[in-house]
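Everything below concerns the one structure shown next.
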Amino acid sequence: MTTTRFTYQQLITLVEGDDELITRLVDEGLIERTSGDLVLVDVDRVLVARTLWRDLAIDWSSIELVLRLREELAAARQQIVELEADLAAARRR
């Protein structure tokens, strides 16, 4: 997960002015408020959540599941890369 600091106005632009979506993302913990006008945002998660909710009308419990499974898949892929590197190194010995 890569988080980015955004101002509220930048966040509004990111989600195309959807205040209701921002409220829901904050409630669901996908956006973390920091000091002042800044928020911490994982842009990929926000955009996936936006697409699932707005375009596909998926409920929030399913969105949470999709986001969690995406993270687990990314972690598994990274682990495969590391294991392949270890295997390649072992074969060279």
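The values are calculated or read from the model by the stated rules, or taken from the named source; none is laboratory data. Because the structure is a prediction, the values reported are computed rather than measured. Every residue, glycine as well, gets a Cβ built from its backbone with ideal geometry; the counts of neighbours run over all protein chains shown. We work out accessible area using only protein heavy atoms, side chains counted, and drop any ligands, DNA or RNA first. Shrake-Rupley method; radii C 1.70, N 1.55, O 1.52, S 1.80 Å.
For this structure, a couple of remarks:
- Debye, to nearest 20: dipole size of segment 1-79, +1 on Lys, Arg Cβ, -1 on Asp, Glu Cβ: 280
- With all protein chains kept in place, the per residue accessible area of the chain amounts to 70 square angstrom at a probe of 1.4 angstrom.
- Extent of the chain along its three principal axes (Cα atoms, max minus min coordinate, largest first): 57, 31, 18 Å.
- Highest-fluctuation residue, Ile63, Ile22, Ile80 considered, GNM on the chain with Cα pairs under 10 Å: Ile80
- A Gaussian network model of the chain, with springs between Cα atoms under 10 Å, assigns the largest mean-square fluctuation among Glu71, Glu28, Glu82 to Glu82.
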